[in-house]
Amino acid sequence: MPSFVSDGHTLNYEIHGTGHPVVLLHGICVSFAGNYAAWGWIEQLSAKGFQVIGLDFRGHGGSAKIHDVAAYGTENLAGDVLALLDHLAIDRACLVGYSLGSMIALHLLHTEPQRFGPSVLIATGDGLIGVRPYTTTEVCTKLQGALARPDFPADLPSHVAAYWTFATKVGGDREAALAAASASYPSCSSEAAARIGASVMVVSGEVDPVLGRGPQLARAIPRGRYVEIAGADHFMLARDATVQATVAGFLADSL
């Protein structure tokens, strides 16, 4: 797997196919492989003419495992995405962000509008613009409680305890995941969301206990579109072929 250096840290990435680039940003405690590649996303997007670029965030997958909280947070992870585009000499790309990846994608869409076109935020919700009870601070606090345990936290709700398993089995390093969950991911203001010029689709599960639902988030973005998947929770969206096809179709139609 190829790698590059961002802010002194070696990060892994993958490139599949040719065409208009789309960067896939995974959720916390997992990896590009565990969130996307294993479930058919590469094939769905490639079929629509996209070049698929998958990044393992710092602390995740094959990238450097850092245990310093200060190394994480929105600004640092967003900086890694920009560094990857510069490394690959890509001027403009689409984004697909899942859960934590949706937080980073939303930040990039309003801070670096010249670098990003049509994009999709998946397994996400109104907490990204500060609507309780699923704000980024509230969600991360719950994850910290699970990831700080040396053993599986069987007493916690299953959707929270699942992150302990993801961190130890998929993400590769529980302490690095804990550091990532302990960092700062400020909510995006409604004013900042209103400055996003790209077309953005927000995809939420109807029964997501992690980040909730995102209709207000979609409405805050001028060219936002909301899609809710009936009966789906936070984790099901990654492996849903219909969601993949909907995302690929939206991106292709929006270019």
Per DSSP, the loop-located GluC sites (Glu not before Pro) within the stretch 147-251 having at most 12 other beta carbons within 10 Å are Glu206
Among Leu11, Leu25, Leu156, which one shows the biggest mean-square fluctuation in a GNM of the chain, springs joining Cα atoms closer than 10 Å? Leu156
Sequence-distant residues sharing a close amide H with Gly117 (under 5 Å, placed H): Ala93, Cys94, Leu95
Taking Tyr226, Tyr185, Tyr98, Tyr134 and counting other beta carbon atoms within 10 angstrom, the fewest-first order is Tyr226, Tyr134, Tyr185, Tyr98
Give the cross-link partners of Lys169 among the lysines, using a straight C-alpha distance below 30 Å as the criterion and excluding same-chain residues fewer than 8 apart. Lys65, Lys142
Using the count of nearby Cβ atoms within 10 Å as a rough guide to exposure, how do Leu85, Leu108 rank from fewest to most? Leu85, Leu108
Tail fraction, Cα-Cα pairs, the stretch 48-164, threshold 21 Å, whole percent: 45
Which residues does the label zone of His87 cover in the stretch 1-35, counting backbone N under 12 Å from a point 7 Å along Cα→Cβ? 1-15
Figure the gain on full extension for Thr18 and Asp253 (residue separation times 0.36 nm, minus the Cα-Cα span) and round it to one decimal in nm. 82.8 nm
In whole Hz, the Karplus estimates of ³J(HN,Hα) for the stretch 189-206 (6.51, -1.76, 1.60; θ = phi - 60°; x where Gly or Pro) are 6, 4, 5, 5, 4, 5, 8, 6, x, 6, 6, 9, 9, 9, 10, 10, x, 4
Between Ala232 and residues 5 or more places away or on another chain, which pairs have amide H atoms under 5 Å apart, with H built 1.01 Å from N, and which residues are they? Glu206, Val207
Which whole-number percent is the relative contact order of the chain (Cα, under 8 Å, 6+ apart)? 22
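Read the figures in this text as sums done on the coordinates, not as results from a lab. Predicted, not measured: the structure shown is a model, and the values here were computed from it. Note that each Cβ is placed from the backbone with ideal geometry, even for glycine, and that neighbours are counted across all protein chains shown.
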